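Written below as structure tokens is the structure these notes are about.
Each reported figure results from applying straightforward, stated rules to the coordinates on display, with no laboratory input. Everything numeric in this text was worked out from a predicted model, so none of it was measured. Here the Cβ is made from the backbone with ideal geometry for all residues, glycine too, and neighbour counts use every protein chain on show.
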Amino acid sequence: MGNGSTSKIKVAVLMGGRSAERDVSLSTGSMILKSLDADKYTAFAVDTAVFGDSGAIASEGMLPLDAICSSSEACPKPDVAFIALHGRFGEDGTVQGLLELLEIPYVGSGVLASALAIDKIMTRRTLDYAGLPIPGGVEVGKGDDLAAVAERVNSELGYPVVVKPNRLGSTIGLSIVKRPEDLVENIQVALTYDDDVLLEAFISGVEITVPVLGNRELEALPIVEIVPEGGFYDYHAKYTPGATDEIVPARLPEGSYRKAQEIAVACHKALGCRGMSRTDMIVRGEDIFILEVNTIPGMTPTSLLPRSAQAAGIEFPVLLDRLISLALER
């Protein structure tokens, strides 16, 4: 908890949470806590899945969520919150809204941008309206006629097709369907994770991700090319050290490289992101397609934003300083 020095910035690292991505969040939060400059910050962990006596210690040595609501010796009211949550109840605008009510500045995007970006269907609609390139897609809701959905996929998308739960990350519940006879089953699996599912045309190409930093003045960081050993960037490939080659800068022609960075900045603006974002894309020849926009990119030892920042000469503690400064700037 630090030495209580009033000259230090008090940082509450919000982590854990109740989503299916809790383990990833714990890894992200731990990395942030270890890397914050102890001479500048008094940092403490808050498990947003726990709410109770503010003096109690939550699981794994973390404080409960209500600890940040009032100042005490055990938990001084933070000067800023560093949100290290992924998925629902953290990345979706809910915690951001709570922090707004408590008047606590926080790292990352606000309520609206967070809610939009975690919702793949609403992200598609927003980016499409902004004229940005997205793959062909079909929206599915719980209770829809899946036979009719299968007919639309046959006529509009073809195969392979990517099946994605609408508001989940880390490829949880995601599948790539190569045969029409397997589609309905995979949609039903995805619907166990979410009431809405997005089906997108599978695009073969070079998978890249482009981080962006800033509030109003935006900087696109070096592009990371993602080459998973099994050919599919799934949960194992994302979070297992050595399971994916991350090539920085990405091996793209200069024109495509610049275009991808411009698209990432445009996505950041279109969704109203702040602080940071990371846009995942596929490059096929001269065409670039947006897959997803992340408002709270992972900060685990294998995560892509820290890797890109490092390639730009921004070491991890400096990256954290910069993100906290952007939060306090608002």
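A few comments on the model shown:
- Across the chain, the volume of the C-alpha convex hull divided among the residues equals 132 Å³ per residue.
- The phi-based Karplus calculation (6.51 cos²θ - 1.76 cosθ + 1.60; θ = phi - 60°) puts the 3J(HN,Hα) values of the range 182-190 at 9, 5, 4, 4, 6, 5, 4, 5, 4 Hz, whole numbers, x for Gly and Pro.
- Remark: relative contact order (the range 79-178) = 23 percent; criterion is Cα-Cα distance under 8 angstrom and separation of 6 or more residues.
- Considering only the Cα atoms of the range 137-201, their convex hull presents on average a projected area of 3.6 nm².
- Packing around the peptides 216-226, 147-157, 200-210, taken as the average count of other Cβ atoms within 10 Å per residue, puts them in this order, highest first: 200-210, 216-226, 147-157.
- In order along the range 127-139, the phi-based Karplus estimate (6.51 cos²θ - 1.76 cosθ + 1.60, θ = phi - 60°) of 3J(HN,Hα) comes to 5, 4, 4, 7, x, 9, x, 10, x, x, x, 9, 8 Hz; Gly and Pro are listed as x.
- Spacing of the two label points (7 Å from each Cα toward its C-beta) at Leu112 and Val318, in nm: 3.4
- Here's the list of aspartates and glutamates a cross-link from Lys142 could span, going by alpha-carbon distance under 13 Å and ignoring same-chain residues fewer than 8 apart: Asp194, Asp195, Asp196.
- Reach of Lys269 by Cα under 20 Å, taken over aspartates and glutamates that are not fewer than 8 positions away in the same chain: Glu91, Asp92, Asp119, Asp128, Glu217, Glu219, Asp280, Glu292, Glu329
- Cα-centred dipole magnitude for the chain, charges only on beta-carbon of K, R (+1) and D, E (-1), debye, nearest 20: 580
- Straight-distance crosslink candidates among lysines, where the alpha carbon sits under 20 Å from Lys10 and sequence neighbours closer than 8 are dropped: Lys34, Lys40, Lys77
- Here the Karplus curve 6.51 cos²θ - 1.76 cosθ + 1.60, taken at θ = phi - 60°, turns the phi angles of the range 268-273 into couplings of 4, 5, 4, 8, x, 5 Hz, with x standing for Gly and Pro.
- Dimensionless Rg/Rh of the range 259-330 - Kirkwood Rh, Rg from C-alpha atoms: 0.99
- Based on Cα contacts under 8 Å between residues 6+ apart, the chain shows a relative contact order of 18 percent.
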